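*Asks:* Submitted below is the structure of interest, expressed as structure tokens.
The values are calculated or read from the model by the stated rules, or taken from the named source; none is laboratory data. Because the structure is predicted, anything quoted here is derived from the model rather than measured. Here the Cβ is made from the backbone with ideal geometry for all residues, glycine too, and neighbour counts use every protein chain on show.
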Amino acid sequence: MTNVTYTERAANFNNKTARKLFEIIEHKKTNLALALDVSTKQEFLDIADKVGPYICCLKTHIDILIDFDNDLIEQLKKLQIKHDFLIFEDRKFADIGNTVKNQYSQGIYRIAEWADIINAHCLPGEGIINGLKEIGLSLNRGLLLLAEMSSKGNLITRDYTNSTIEMALNHKDFVIGFIASRKIPINNNIQNDFIFMTPGVGLSNKEDGLGQQYRTPREVITESKSDIIIVGRGIYGSGKDVITEAKRYRDAGWNAYLERLK
Ligand code: BMP
């Protein structure tokens, strides 16, 4: 089944963050997530404010910012309320359970306090999910697992992807979905119980010279049946007006979804 609406999908989840994400998508009519990988607080907040109305989710790499401070988080939370989007810290945890638990809740970033969604590689085994869950579950947070990657030559195999899905099935209360290039089929349409978010999306470029590979919103949403497009430099990297570019990707993503529903 590929013609299920976002609203219908929300009912498949007990996790509050997952339900909220689908609600926002349907309400704002956008399946666009912004990957805001800029290096100064001012640029970060400026773009987040401008693009906020057109996105369902703001994806951060908080450790890229050269002038990170607690005020940035306060300002970001205000923008989140103003524009209604979820915050996804793309930390890609990849260590033993005890370590990731500390990385998630401690340190200068205190990610658990402000990120609705985080992600992790399953390479270390299921303990990584258990560690993150000890912090995140009671806060109603959601975890995405990296089932596939967009970069050329990545080492993820089909078996690795399948094992990642197996781990997700054991933690459906906390694992809300996957980073993947497509909606990965799982027996009995269980894939509808997970959110699929896809990076490596661009309307102008096919690659970035450092291994990133771009596909269009139509390829990702209509053909590969993913739920959400993640776009970074396509929006803020061309020197063009970020609002115009955000609307262009929002429209492309939403039209691709409507086309799939037909
Ligand atoms: P851009 O659209 O500028 O290429 O950014 C893509 C974003 O998605 C980056 O923040 C990157 O870290 C992330 N990403 C990716 O590109 N491929 C993956 O497989 C997983 C990612 O998280």
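*Asks:* Which one of the conditions (1) buried (at least 17 other Cβ atoms within 10 Å of the Cβ); (2) among the charged types (D, E, K, R); (3) without any contact (Cβ under 8 Å) to a residue 60 or more places away in the chain does Arg141 fail to meet, given that it meets all the rest?
*Replies:* Status for Arg141: all satisfied but (3).
*Asks:* Give the residues of segment 205-262 that are under 16 Å from Leu34 (Cβ atoms), in a helix (DSSP H, G or I) and without any contact (Cβ under 8 Å) to a residue 24 or more places away in the chain, sorted by residue number.
*Replies:* Listed by number, the residues that qualify are Thr244, Glu245, Asp251.
*Asks:* So, one more: Of the residues Leu45, Leu36, Leu21, only one is within 16 Å of the ligand (Cβ to nearest atom) and hydrophobic (A, V, I, L, M, F, W, C); which?
*Replies:* Numbers: Leu45 fails: within 16 Å of the ligand (Cβ to nearest atom); Leu21 fails: within 16 Å of the ligand (Cβ to nearest atom).
Going through Leu45, Leu36, Leu21 in turn, the sole match is Leu36.
*Asks:* Within the group Lys77, Lys101, which residue is in contact with a helix residue (DSSP H, G or I) (Cβ under 6 Å, 6 or more places away or on another chain), of a type in the set (Lys, Arg) and either more than 26 Å from Tyr249 (Cα to Cα) or in a helix (DSSP H, G or I) (or both)?
*Replies:* Lys101
*Asks:* Let me confirm something: among Ile243, Ile221, which residue is more than 9 Å from the ligand (Cβ to nearest atom) and either of a type in the set (Ser, Thr, Tyr) or over 22 Å from His61 (Cα atoms) (or both)? Before you say what the answer is, go through the steps one by one.
*Replies:* Details: Ile243 fails: either of a type in the set (Ser, Thr, Tyr) or over 22 Å from His61 (Cα atoms) (or both).
Ile221 is the lone residue from the list that is more than 9 Å from the ligand (Cβ to nearest atom) and either of a type in the set (Ser, Thr, Tyr) or over 22 Å from His61 (Cα atoms) (or both).
*Asks:* Find the residue count for segment 168-204, including only residues that are in a strand (DSSP E or B) and either at pLDDT below 95 or within 11 Å of the ligand (Cβ to nearest atom) (or both).
*Replies:* Narrowing segment 168-204 to residues in a strand (DSSP E or B): 175-179, 195-198, 201.
Filter once more, keeping what is either at pLDDT below 95 or within 11 Å of the ligand (Cβ to nearest atom) (or both): 178-179, 197-198, 201.
Of the residues in that region, 5 qualify.
*Asks:* Scanning segment 47-90 for residues that are over 21 Å from Lys20 (Cβ atoms) and in contact with a Ser or Thr (Cβ under 9 Å, 6 or more places away or on another chain), which turns out surrounded by the most Cβ atoms within 10 Å (Cβ to Cβ)?
*Replies:* Checked segment 47-90; the qualifying residue surrounded by the most Cβ atoms within 10 Å (Cβ to Cβ) is Leu65.
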